[in-house]
């Protein structure tokens, strides 16, 4: 085996009176290792974060030398090499940490390796793996005997990118390739919706992980999730991976003109705009669909006032609708007379007329707490208390209530309507699970008082937490994010505090419950559980302002003193 000469600092050796014959030190270098790996694997995109492959090898980190000098600890540089052929003519090299004797690969990372080596998606192929060992990066390497593993990659479709939720889970929705590295499409989202974007190549994108840089994209490991502005509804979204940025064009309304006129309604569940009308006969109709959007990007951030008014319109054909700045005639077939719906399907980019004047199902913005306060009023059940929607995807509601219940309570979805309600399946007042239309009430608390309450109708769960403090943070440079106690008012749930506004408040203020545990934010006078900070206009700087919130009714106000 070839020997490697190691040169030791001469002055140091002479000072130590080392014999001349020991100055010339050699080593045979690292020894080949024995490699093992886990078995065949089928890769599925929905399991991207799961472990797919483990590779182990025997330790060759320490090498022997001749003479008196020892080689440094962990001198060996090891590199795992993957190939699709036994000759390793083309390799994917993976550097491993010095001293390591194993490496693990997730479904996502192994699918990327398989793709770069040319394994076809959806078909079982073979990856060959060996360990290359050298004394230095780029040095002459020795190789372990190769092992092989059967891998079935999932299909990588570079024509689309996948929308992931804030937990990195695939939502089933996509943005389509506009040009290389640029993806676009329509998304129906809730207020401040958090998400990530996964390219077909396996690269995941989110927001640059620094304060003050909304709409800047990053694929780094320390990235944050993307977040939409506070306006819920329809957005034309572009992710540009080449420029490392994204944009969101909010479309609050669309108007129809031509053979039919009216204002369309957006249905988030189907990502469609719908207009119901009465067709007089079978045939066809020709319409134009247009509106005015609000463009958000790196220049505007999520500031509603900075968003740029942008004209939008649709054209093309009914089977292949196009989107741009101007509207053109679109013709759709009408099967017969009667109540019908004109449907602009943004997922399929089609326009059609369906029988039946079915309107989109609107998500209730409030959930009513019936029976929650009869201990205070000594009256029949009423719909005066409610929680406010804060996460449309989970149908999650939150808020505060001054609770004093005689017989327990229920959640009702429609004001003054005694149907469509949820009662107790299992649990106590503090937490539990719900069942629809059950006659069993959620228990009353042992101690009446102010409680923070949250409900998820999609998960059929609820929590109730006693409120021990209400504080404000985020106003002015001196107060900053110090928690300041707010003063309770005469009305339960109302709190206020006068604060000097000494500087800009770029992140707005929040109302914190029980220290930093829970908070309310919002905009335009509406307070919502878990929302971003409530904005403070720069015109308040230099003034002492009275901040007043009602955590039960979900409102806030700012008044100069």
Discussion item. Just to be sure before I move on: is residue 178 surrounded by 15 or more Cβ atoms within 10 Å (Cβ to Cβ), outside any loop (DSSP other than H, G, I, E, B) and at pLDDT 90 or above in the structure I sent?
Written reply: no
Worksheet item: Any idea which residue in the range 67-100 is surrounded by the most Cβ atoms within 10 Å (Cβ to Cβ), counting only those that are touching a helix residue (DSSP H, G or I) at 6+ places or on another chain (Cβ under 6 Å) and at pLDDT 90 or above?
Response: 82
Worksheet entry | Those residues of the range 326-340 which are farther than 16 Å from residue 350 by Cβ, at pLDDT below 95 and outside any strand (DSSP E or B), in sequence order | 336, 337
Worksheet item: What number goes with the only condition from (1) modelled with pLDDT of 90 or more; (2) part of a loop (DSSP other than H, G, I, E, B); (3) surrounded by 13 or more Cβ atoms within 10 Å (Cβ to Cβ) that residue 515 does not pass?
Response: (3)
Item to complete: Could you please find all residues in the range 339-368 being farther than 30 Å from residue 388 by Cα, in contact (Cβ under 8 Å) with a residue 24 or more places away in the chain and surrounded by 13 or more Cβ atoms within 10 Å (Cβ to Cβ)?
Response: 340, 341, 342, 349, 350, 351, 352, 353
Worksheet item: buried (at least 19 other Cβ atoms within 10 Å of the Cβ), at pLDDT 85 or above and over 30 Å from residue 266 (Cβ atoms): does that describe residue 151?
Response: yes
Worksheet item: Out of all the residues in the range 377-384, is one or more surrounded by 14 or more Cβ atoms within 10 Å (Cβ to Cβ) and closer than 30 Å to residue 234 by Cβ?
Response: no
Worksheet item: Which ones in the range 118-155 are out of contact with any strand residue (DSSP E or B) (no Cβ under 9 Å at 6 or more places or on another chain) and under 20 Å from residue 106 (Cβ atoms)?
Response: 155
Worksheet item: Does residue 149 meet the test of being outside any helix (DSSP H, G or I) and over 23 Å from residue 58 (Cα atoms)?
Response: no
Discussion item. Step by step: first the residues of the range 469-483, then only those that are part of a strand (DSSP E or B) and surrounded by 15 or more Cβ atoms within 10 Å (Cβ to Cβ), then the one that is modelled with the lowest pLDDT. Which residue is that?
Written reply: 475
Item to complete: Would you please list the contacts, defined by Cβ atoms under 6 Å and residues six or more apart or on different chains, that run from a residue in the range 239-251 that is closer than 14 Å to residue 161 by Cβ to a residue that is part of a loop (DSSP other than H, G, I, E, B)?
Response: 241/181; 242/181; 246/215
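Looking only at the range 530-546, decide whether some residue is within 20 Å of residue 398 (Cα to Cα), within 23 Å of the chain's Cα centre (by Cα) and in a strand (DSSP E or B).
Yes, there is a match, as at least one residue in the range 530-546 is within 20 Å of residue 398 (Cα to Cα), within 23 Å of the chain's Cα centre (by Cα) and in a strand (DSSP E or B).
Within the range 248-265, take every residue that is assigned to a strand (DSSP E or B) and either modelled with pLDDT under 95 or surrounded by fewer than 19 Cβ atoms within 10 Å (Cβ to Cβ) (or both) and give me the one that is nearest to the chain's Cα centre (by Cα).
265
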Item to complete: Within the range 304-325, track down each residue that is in contact (Cβ under 8 Å) with a residue 24 or more places away in the chain and assigned to a loop (DSSP other than H, G, I, E, B).
Response: 304, 307, 318, 319
Worksheet item: Is it the case that some residue within the range 486-498 is surrounded by 14 or more Cβ atoms within 10 Å (Cβ to Cβ), in contact with a strand residue (DSSP E or B) (Cβ under 6 Å, 6 or more places away or on another chain), modelled with pLDDT under 95 and within 29 Å of residue 214 (Cα to Cα)?
Response: no
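Yes/no per residue for (1) modelled with pLDDT of 90 or more; (2) outside the structural domain of residue 292 (by TED's automatic domain parsing); (3) crowded, with 18+ Cβ neighbours inside 10 Å; (4) in a strand (DSSP E or B):
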| residue | (1), (2), (3), (4) |
| --- | --- |
| 171 | no, yes, no, yes |
| 183 | yes, yes, yes, yes |
| 192 | no, yes, yes, no |
| 198 | yes, yes, yes, yes |
| 230 | no, yes, yes, no |
| 242 | yes, yes, no, no |
Discussion item. The conditions are (1) out of contact with any strand residue (DSSP E or B) (no Cβ under 6 Å at 6 or more places or on another chain); (2) under 16 Å from residue 296 (Cα atoms); (3) surrounded by 14 or more Cβ atoms within 10 Å (Cβ to Cβ), and residue 212 fails exactly one of them. Which is it?
Written reply: (3)
Discussion item. Criterion first (part of a loop (DSSP other than H, G, I, E, B) and in contact with a strand residue (DSSP E or B) (Cβ under 8 Å, 6 or more places away or on another chain)) does residue 382 satisfy it?
Written reply: yes
Practice prompt. Kindly provide the set of residues from the range 339-370 that are closer than 30 Å to residue 523 by Cα and over 31 Å from the mean Cα position of the chain (by Cα), ordered by number.
Written response: 370
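The values are calculated or read from the model by the stated rules, or taken from the named source; none is laboratory data. All values reported here derive from a predicted model rather than from experimental measurement. Because the Cβ atoms are built from the backbone with ideal geometry, glycine has one as well, and the counts that use them run over all protein chains shown.
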